[in-house]
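Below is one structure, written out as structure tokens; comments come after it.
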Amino acid sequence: MNVRILDYDEVINELEKIGCNPYFSKQDFYDTEFDNIKIPYYIYGKGDNHIIVVGGTHGSEIISVDFVLRLMQDLAFTKRFYDDFTFHFIPLLNPEGYIISTSMIKGILNKNASEKEIIDASLKYYLRYKKDDELSKNYNSIKNIKLHQQMFDNTSYKNIPDKYLNLKENVRKICENNKEIPMGSLVVWRGNGLGIETNRDNKYVQWLDLVKSGVKKYGSNRYNNIPDLVEGPLGKICVDLNDLDKHTKENTFLLNLIKKIYDSGKYAGMYIYHGTGGEIFYKICPDLIGEVIDINNASKYVQINKKIALNYSENTKYKTKKFEKNGYKLVENPNLIGMDELLRAMYPAVLLIELSYMGGNPLGPYADKDNNYIPTIEYNIKAFYSSIIINKSLKNEYKDLFNKKTK
Ligand SMILES: [Zn+2]
């Protein structure tokens with residue numbers, strides 16, 4: 001397995017190859033905001049246990065896209081679970097953000113960069129990112145140069161290919177309207193081409209004090225020189241605070257899909273993959289209990305999520321020459337920020353999994369091939385295969401929760 005960094009076209013090419021496999025079927029791709037850029041969607045299997053698998057919610061979390069592709073490739077090869085499960089693969093939910101982030105990477109790494117060049121650049125980035133996190137603890141460093149951004153000083157919206165003209169133009173506008181967006185920071189772009197944070201498109205975030213106050217804020221840690229909650233690399237909250245039921249195109253697609261599968265009575269769970277942290281989000285935000293979900297169901301949903309999460313965590317323990325890892329950590333403090341928080345209150349068995357133990361999106365996960373990159377892919381494939389069996393048994397055990405018409 002080689003370390004690889006794919007741009008959007010290369011992701012689509014890989015998917016075309018996987019789609020030639022008779023076990024996969026290509027579905028209609030959904031349009032995003034700009035330039036007819038599309039969200040790819042594939043189905044594998046013909047069983048009655050339907051599982052949704054999502055990668056690339058955040059543009060810069062490129063390892064999550066890579067992982068979902070590898071998982072699909074493994075299934076194309078092994079043909080496992082075909083009769084028992086149906087997998088809905090959305091390997092790249094936010095292609096606009098992915099194009100923005102990977103265009104910056106291509107700005108410092110030649111398209112034909114060797115594996116060694118990719119790993120060297122990734123290690124340099126990882127170390128700088130880590131240093132920036134340390135330095136950010138010092139209040140005075142807020143306006144200091146960020147070492148990880150410095151690596152991308154020569155990149156800007158101009159690195160976005162001309163074929164994405166409208167996307168490029170919108171990123172240019174965002175950067176020109178907000179002079180505080182630092183040079184070299186587009187590589188960490190999370191949201192879509194409108195600069196809306198794809199995972200904060202959850203109407204209840206309006207309750208957060210930081211939104212209510214309307215005070216301009218900066219990101220945390222190594223991002224504490226990037227304006228937050230506005231269009232830009234970190235992204236704005238919600239499409240429109242005056243029309244809270246309006247979602248981004250990416251989330252509209254996802255919400256419709258999960259509802260359709262759930263209403264068919266075949267829904268068995270959802271795995272949403274993000275980039276870094278080695279963590280699993282499984283709890284339901286207390287603010288949503290009573291609002292989105294009643295208290296009895298909330299506690300059952302959490303029990304369901306926890307069983308799957310514990311099994312998943314158990315399977316992400318690994319030992320290499322350099323690392324000994326204890327399994328992904330179950331996050332005990334949910335907050336209102338995420339779209340996934342909302343989904344977890346609406347449906348059972350929704351987990352958000354933060355992949356790589358090594359941090360620093362987008363390049364950090366690629367900084368150590370043997371001790372991080374390969375184990376991240378391999379152990380998560382293993383964990384996924386093991387955990388979906390739990391999904392299946394929970395679906396049978398809690399028939400009423402998995403098979404209930406939504407409003
Ligand atoms: Zn993320």
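The values are calculated or read from the model by the stated rules, or taken from the named source; none is laboratory data. Since we're looking at a predicted model, the values are computed, not measured. Heads up, the Cβs are rebuilt from the backbone with ideal geometry, glycines too, and the neighbour counts pull from every protein chain shown. We work out accessible area using only protein heavy atoms, side chains counted, and drop any ligands, DNA or RNA first. Shrake-Rupley method; radii C 1.70, N 1.55, O 1.52, S 1.80 Å.
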Å² per residue, accessible surface of the chain at 1.4 Å: 42
Distance between modelled label sites at Lys306 and Leu165, nm, 7 Å Cα→Cβ extension: 5.6
Relative contact order (%) - the chain, alpha-carbon pairs under 8 angstrom, separation at least six: 19
MRE, 222 nm, helices only [DSSP H, n ≥ 4, -39500 (n - 2.57), over the chain, to nearest 500]: -12500 deg cm²/dmol
Phi to ³J(HN,Hα) by Karplus 6.51 cos²θ - 1.76 cosθ + 1.60 over region 189-205, Hz, x for Gly, Pro: 3, 9, x, 8, x, 7, x, 9, 5, 4, 9, 10, 8, 10, 4, 6, 5
Proximal charge balance of Asn380 [Cβ under 14 Å; K/R count +1, D/E count -1]: -3
Candidates Asp209, Asp370, Asp245: whichever shows maximal mean-square fluctuation once the chain is modelled as a Gaussian network with Cα springs under 10 Å: Asp209
Net charge contributed by nearby residues that have their C-beta within less than 11 Å of Glu397 (K/R +1, D/E -1): +4
Karplus 3J(HN,Hα) series, Hz, for region 308-316 with 6.51 cos²θ - 1.76 cosθ + 1.60 (x for Gly, Pro): 5, 4, 5, 5, 4, 4, 4, 7, 9
Residue of Ile388, Ile377, Ile12 that the Gaussian network model of the chain assigns the largest fluctuation, springs spanning Cα pairs under 10 Å: Ile12
Mean separation of Cα contacts under 8 Å (6+ apart) over length of region 144-201, as relative contact order %: 38
Projected label distance in nm at Glu324 and Ile374, using a 7 Å step from Cα toward the beta-carbon: 2.1
Surface share of carbon and sulfur [accessible, 1.4 angstrom probe, percent] for region 267-349: 47
Gained length - Asn296 relative to Glu33, 0.36 nm times residue gap less alpha-carbon distance: 90.8 nm
Förster radius 41 Å - calculated FRET efficiency between Lys246 and Thr78 (Cβ-Cβ, nearest 0.05): 0.50
For Lys217, distant residues with modelled amide H under 5 Å away: Asp228
Cα gyration tensor, region 119-236 - rounded (a/c under 1.5), prolate or oblate: oblate
Net charge of neighbours whose Cβ lies under 13 Å from the Cβ of Gly359, counting Lys and Arg as +1 and Asp and Glu as -1: -3
Ser114 paired with Asp287, simple spin-label distance in nm, labels 7 Å along Cα-to-beta-carbon: 5.1
Amide H contacts of Lys329 (H built 1.01 Å from N, under 5 Å, at least 5 apart or other chain): Glu279, Ile280
Portion, in percent, of the accessible area of region 100-190 that falls on carbon or sulfur, probe 1.4 Å: 51
Accessible area, probe 1.4 Å, largest first, for residues Met151, Met183, Met346: Met183, Met346, Met151
Whole-Å distance, taken between Cα centres, linking region 103-178 and region 223-295: 26
Highest-fluctuation residue, Leu310, Leu241, Leu394 considered, GNM on the chain with Cα pairs under 10 Å: Leu241
Fully extended contour minus Cα-Cα distance, from Lys382 to Asn144, at 0.36 nm per residue: 81.5 nm
Region 192-315: relative contact order in percent, alpha carbon pairs under 8 Å with at least 6 residues between: 20
Length released on extending from Asn333 to Asn396, taking residue separation times 0.36 nm less the Cα-Cα span: 19.8 nm
Under the Karplus curve 6.51 cos²θ - 1.76 cosθ + 1.60, θ = phi - 60°, whole-Hz ³J(HN,Hα) for region 31-47, x wherever Gly or Pro sits: 6, 8, 6, 10, 6, 6, 5, 10, 8, x, 8, 10, 10, 10, x, 9, x
